[in-house]
Amino acid sequence: MSKLFGLLRQRFLTAYSLLFFVFLYAPILLIVGYSFNSNPINMMVWKTFTLDWYRSIFGLSTQLGENALYVESTDQLLAAVRTSLVVALTTTLFSTVVGTLTALAVARYRFRLQSFYRFLLFMPMVMPDIVLGIALLIFFVSVGMPLGTGSIILGHCTFLISYVFIIVSARLAGMDTRLEEASADLGAGVWTTFRRITLPLIAPGIAGGAMLAFIISMDDLVITYFISGVDATTLPVFIYSMIRRGIKPEINAIATLLLLASFVIAAVGLYLRNKQHSATPATTEKDPNDE
Amino acid sequence: MKPSSATAPVVEIRRATKRFRTPEGQTVHALAGIDLSVNPNEFVTLLGPSGCGKTTLLRTISGFEALDDGSIHIQGRAMNHIPPHSRPVNTVFQNYALFPHLSVGDNVGYGLAVRKVPRREREMRVGEALEMVGMNGMQQRSPGQLSGGQQQRVALARAIVNRPALLLLDEPLSALDRHLRQTMQRELKSLQSELGIAFVFVTHDQEEALTMSDRIVVLNGGHIQQEGSPSEIYNRPVNTFVAEFIGESNRFQGMLEPFDGQFSRLRLEDGDTLTLMSPASGAADALHVMLRPEQFCVHKPTEAAEEYASLCGRLAQKAFVGRDMEITLETASGRPIKAALRGHDSRTLAERNVGDEVTLWYATSAPHVIAA
Ligand SMILES: Nc1ncnc2c1ncn2[C@@H]1O[C@H](COP(=O)(O)OP(=O)(O)OP(=O)(O)O)[C@@H](O)[C@H]1O
Ligand SMILES: [Mg+2]
């Protein structure tokens, strides 16, 4: 009886997890599927397999009729990708360095209004994007800063520093400060201790923060939309403006490529994390000398 | 090292004072004017209850806490403005503080690598140091792959490989089980005499302090209570705190009055009396007198050179704890007396029942008079 029940339970659990993953991934798989569908009129009706949408976004010749093509200019798309990459890489570099240094300062030194400072650093993370976007726009306009790649980078840094700060702070909080004391005790100066002990131990946090900063910067639409101006367009803003003129099959191809890029980044991240873990396994072996 | 430093103290601490402000707004006097010097090759133990300032004293020597007042000299050099990494001192931390991202070999070699010792020499010295603690051949392991006792040995090797003038050890054995702890106590002691390094060892385990130290410094409330060899501390405590803190003891308080010739009598408040050799300063003040449980016997030695006195009472408790028979006697006035009996005495007592009348003897030279 209980055996039957156990079997049922197992079946139910299997079905449940299957459904769960369908729920998570079905929309994404649909897009991937549509990106290979040659039907230019209605992407939901399968016609034949084609790579034309991919060829089209890279400006290669296609078998599609001129009127089926929607990407007006491949150059525009590539420029958007380039802007996105420039913005994301610069912001990642800047916010990772500043966020990490800030986290170190807040964790290692005592000063007045420390918890208020922490709160200020936490705020940009929870502030609604739309508020931040409008505020930044008004700020840039009122100080007379031209909108463009520079303003996007500055805008992204304002909240990405917070993300890096939070992640590196968490890592620092989990780190035993006595390790730094032990290093000093063994004759290492402040800089040597930082390089040989602190940095390697918080490196996974820094890497995690940097990766998150990169992904968020690449992905951000709302804030960027307000502060990008007319000359600089990032990929999300470009896609959004494409969609406003109707959903076109190239979008699926672009989305699929973006998806692929994120998977690669995530896979690299996971790989690095596992490597870090296997370097310090928690297993303990008994030594015969002990007894 | 200059030849003169062979006899000069390694560390000299004068009037060391350290206050902490607690978040509640109070001031804690962690060190209230400590004077202490440690000689080369000496094993000094700081002993005291939790919160008495042991760790604070170590941290001021290693440089992690700055003194509010007073001075610390190491090998004759004033240390007040020398940062921790420039002091010729190494520490074995209570939780070992091994670097989790470095192998055992790199952990032990850290101090040498920081000082730019060439790799060849470094590997050799790391091997030697690990050999001393019985861990050679484990260089490639990571600290996470070691048992507690092994981590402790690595922490020790990491400190001694630098050949410091002074090694500070903050309760290094507290995380180990009793058996391993005793093994490590012996190893640590023999390692110390082998190396010729001065050790300042912190513990709140009095047994550990008594077995390992050349000198014990008993601390309480930021003050040194007493300083001396283990037997001095145990047999001649200078105050009631030390008497109570170290070992078991029976403490009596009363007025001393002259008795028969060389003897005096301590008249206790409840009417009991204790006979003892007259102390040198035979004032008739209120006094504390201490008698250790093991100073009692049931059978009065027949051919003893000294005089014996007795205490009578009812057997209130008895417990056989292996080598000793531990009993509590209740005198007529209800005062409990703790005694630990051995051998023939223990066997005799085994036949007595709780409630029986028992007479305990003690040599009149045994009671120790505490001035304050
Ligand atoms: N950073 C600090 N801030 C405030 N008070 C402190 C600080 N460090 C220590 N104290 C206080 O100073 C006193 C001495 O502390 P210390 O750590 O030296 O004790 P200890 O003898 O090592 O005790 P234990 O045996 O428990 O380790 C304690 O009352 C402690 O609360
Ligand atoms: Mg302590």
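The values are calculated or read from the model by the stated rules, or taken from the named source; none is laboratory data. This is a predicted model, so every value here is computed, not measured. Cβ coordinates were reconstructed from backbone atoms using ideal geometry, including for glycine residues, and neighbour counts include every protein chain displayed. Only protein heavy atoms, including side chains, enter the accessible area calculation; ligands, DNA and RNA are left aside. Shrake-Rupley method; radii C 1.70, N 1.55, O 1.52, S 1.80 Å.
If you go through region A:188-201 and keep only what is open to solvent by 10 Å² or more (accessible area, probe 1.4 Å) and outside any helix (DSSP H, G or I), you end up with just A:Gly189. Being away from ligand 2 (no atom under 16 Å from the Cβ) and either of a type outside the set (Val, Ile, Thr) or over 24 Å from B:Gln151 (Cα atoms) (or both) is a property that holds for B:Asn90. Between B:Glu326, B:Glu307, the distinction of being touching a residue at least 12 places away in the same chain (Cβ under 8 Å) and in contact with a Lys or Arg (Cβ under 9 Å, 6 or more places away or on another chain) belongs to B:Glu326 only. Residue count for region B:32-51 satisfying the condition of being in a strand (DSSP E or B) and either within 10 Å of ligand 1 (Cβ to nearest atom) or not assigned by TED's automatic domain parsing to the domain that holds B:Ser229 (or both): 2. Restricted to region B:10-31, and to residues there that are away from ligand 1 (no atom under 11 Å from the Cβ) and assigned to a strand (DSSP E or B), the residue that is surrounded by the most Cβ atoms within 10 Å (Cβ to Cβ) is B:Ala16.
Taking the criterion of being farther than 30 Å from B:Asn162 by Cα and among the β-branched types (Val, Ile, Thr), the residues of region A:161-219 that qualify are A:Ile161, A:Val164, A:Ile166, A:Ile167, A:Val168, A:Ile206, A:Ile215, A:Ile216.
Condition check ((1) surrounded by fewer than 14 Cβ atoms within 10 Å (Cβ to Cβ); (2) within 14 Å of chain B (Cβ to nearest Cβ)) across all residues:
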position	(1), (2)
A:Ala203	no, yes
A:Ala210	no, no
A:Leu221	no, no
A:Arg244	yes, no
A:Glu250	no, no
A:Phe263	yes, no
A:Val268	yes, no
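Pairs please, first residue from region B:16-37 and over 15 Å from B:Asp69 (Cα atoms) and within 14 Å of another protein chain (Cβ to nearest Cβ), second anywhere and in a strand (DSSP E or B) and within 8 Å of ligand 1 (Cβ to nearest atom), Cβ atoms under 9 Å, 6+ apart in sequence or on different chains. Listed by first residue and then by second, the contacts come to B:Arg21/B:Val28. Within region B:104-118, the presence of a residue that is within 16 Å of ligand 1 (Cβ to nearest atom), within 23 Å of B:Phe199 (Cβ to Cβ), within 13 Å of chain A (Cβ to nearest Cβ) and in a helix (DSSP H, G or I) is excluded.
From the list B:Pro49, B:Pro40, the one residue that fits, being away from chain A (no Cβ under 14 Å), of a type outside the set (A, V, I, L, M, F, W, C), within 16 Å of ligand 2 (Cβ to nearest atom) and open to solvent by 20 Å² or more (accessible area, probe 1.4 Å), is B:Pro49.
Has region B:59-80 got at least one residue that is more than 21 Å from A:Thr198 (Cβ to Cβ), within 12 Å of chain A (Cβ to nearest Cβ) and assigned to a helix (DSSP H, G or I)? Explain how you work it out, then say what you get.
Taking region B:59-80 and keeping what is more than 21 Å from A:Thr198 (Cβ to Cβ), we get B:60-61, B:66-80.
Narrowing further to those that are within 12 Å of chain A (Cβ to nearest Cβ): B:61.
From what's left, assigned to a helix (DSSP H, G or I): B:61.
Within region B:59-80, one or more residues are more than 21 Å from A:Thr198 (Cβ to Cβ), within 12 Å of chain A (Cβ to nearest Cβ) and assigned to a helix (DSSP H, G or I).
Among the residues of region A:94-127, those that are touching a residue at least 12 places away in the same chain (Cβ under 8 Å), among the aliphatic types (A, V, I, L, M) and closer than 18 Å to A:Gly205 by Cα comprise A:Val98, A:Ala103, A:Leu104, A:Val106, A:Ala107, A:Leu121, A:Met125.
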